[in-house]
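The values are calculated or read from the model by the stated rules, or taken from the named source; none is laboratory data. These figures come from a predicted structure and were not determined experimentally. Here the Cβ is made from the backbone with ideal geometry for all residues, glycine too, and neighbour counts use every protein chain on show.
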Amino acid sequence: MPAELGPESAAEVYAKLLAAVSVMDIVLLGMGEDGHTASLTLHGFGGAA
């Protein structure tokens, strides 16, 4: 999103861009106890990271 357009104009440009996309893939990531997403830990894989 071009920041120099200001929030209202940039939102309009972005809305038009999204409307032109027929399919959108979305990924939802969780956050682990250590504050990281998709982190590999020794405890999560039986000691093998």
Q: Determine which single condition Ser9 fails, assuming it passes every other condition in (1) modelled with pLDDT of 75 or more; (2) part of a loop (DSSP other than H, G, I, E, B).
A: (2)
Q: Determine, yes or no, whether Met1 is at pLDDT 80 or above and in a loop (DSSP other than H, G, I, E, B).
A: no
**Q.** Filtered residue count, segment 12-44, keeping only those that are at pLDDT below 80 and among the acidic types (Asp, Glu)
**A.** 2
Q) For segment 13-30, which residues satisfy the criterion of being farther than 24 Å from Ala3 by Cβ and either among the acidic types (Asp, Glu) or within 17 Å of the chain's Cα centre (by Cα) (or both)? A) Val23, Asp25, Val27, Leu28, Leu29, Gly30
